[in-house]
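The values are calculated or read from the model by the stated rules, or taken from the named source; none is laboratory data. Computed from a predicted structure; not experimentally measured. Don't worry about glycine lacking a Cβ; one is built from the backbone with ideal geometry, like all the others, and counts go over all protein chains shown.
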């Protein structure tokens with residue numbers, strides 16, 4: 001795709017049209033691409049990601065403050081950490097197909113950068129920073145509400161499944177410990193899929209798969225929680 005096609009695709013997927021398209025280009029440019037440019041170097045997304053992270057914290061805090069009026073500060077902090085953590089933002093990025101439009105250098109492209117949660121989450125925040133600079137807080141809030149928070153509330157159980165499983169096991173099994181074991185890997189080095197089993201006191205509860213060890217663990221924990229919900233209705 002050429003630059004205009006990339007811009008059109010991103011704007012369609014994020015639901016926002018930029019006045020300053022250079023901001024959008026910066027938001028989807030990885031440092032590896034900038035480093036390989038000889039002339040007319042383009043800024044990469046890291047500064048915008050820094051700004052977007054701060055805007056996201058404000059908007060998500062406001063959202064949770066209003067949605068959960070009886071939850072204390074500690075509980076709100078925990079919910080925010082779950083909603084805007086790296087795996088959850090990567091979920092949003094994939095739904096917006098952001099991995100398809102990021103400009104990478106050859107090395108990062110070969111290393112599978114388009115599927116890395118860390119990069120996808122950073123670009124999600126960088127686009128938020130770009131929208132904020134291009135317009136105002138209201139437009140930034142609209143992007144967050146429609147493309148992040150409304151998506152993540154559906155996935156909150158998944159992105160924080162390890163914590164929820166730990167709490168459920170402590171409640172119903174006492175001091176029993178949870179173990180996550182990698183039991184398989186498949187795919188080429190730059191695009192591996194990991195298979196993880198989760199067990200409690202040696203008894204296997206479930207398994208999960210993912211592009212990273214962490215995401216496979218979360219998937220396994222999520223499946224285990226679904227199983228335990230059938231047995232213990234108060235989970």
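Residue 58 fulfils the conditions (1) surrounded by fewer than 19 Cβ atoms within 10 Å (Cβ to Cβ); (2) at pLDDT 90 or above; (3) not in a helix (DSSP H, G or I) except for a single criterion, (3). In the range 173-192, is there at least one residue being at pLDDT 90 or above, touching a helix residue (DSSP H, G or I) at 6+ places or on another chain (Cβ under 7 Å) and within 20 Å of residue 88 (Cβ to Cβ)? Checked the range 173-192: at least one residue is at pLDDT 90 or above, touching a helix residue (DSSP H, G or I) at 6+ places or on another chain (Cβ under 7 Å) and within 20 Å of residue 88 (Cβ to Cβ). Selection of the range 166-194 for residues being in contact with a strand residue (DSSP E or B) (Cβ under 6 Å, 6 or more places away or on another chain) and either within 17 Å of residue 117 (Cα to Cα) or in the same structural domain as residue 118 (by TED's automatic domain parsing) (or both) yields 192, 193, 194. Being loosely packed, with under 13 Cβ neighbours inside 10 Å, in a loop (DSSP other than H, G, I, E, B) and modelled with pLDDT of 95 or more, is that true of even one residue in the range 21-41? No. Just one residue in the set 101, 55 is touching a residue at least 60 places away in the same chain (Cβ under 8 Å), touching a helix residue (DSSP H, G or I) at 6+ places or on another chain (Cβ under 7 Å) and farther than 30 Å from residue 209 by Cα; that residue is 55. Quick check on my filter: what residues within the range 101-119 are assigned to a helix (DSSP H, G or I) and either surrounded by 15 or more Cβ atoms within 10 Å (Cβ to Cβ) or not assigned by TED's automatic domain parsing to the domain that holds residue 144 (or both)? Within the range 101-119, 108, 109, 113, 114, 115, 117, 119 qualify.
For the range 196-235, name all the residues that are outside any helix (DSSP H, G or I) and buried (at least 18 other Cβ atoms within 10 Å of the Cβ).
So in the range 196-235, the residues outside any helix (DSSP H, G or I) come out as 196-212, 232-235.
Across the range 196-235, the qualifying residues are 196, 197, 198, 199, 200, 205, 206, 207, 208, 210, 212.
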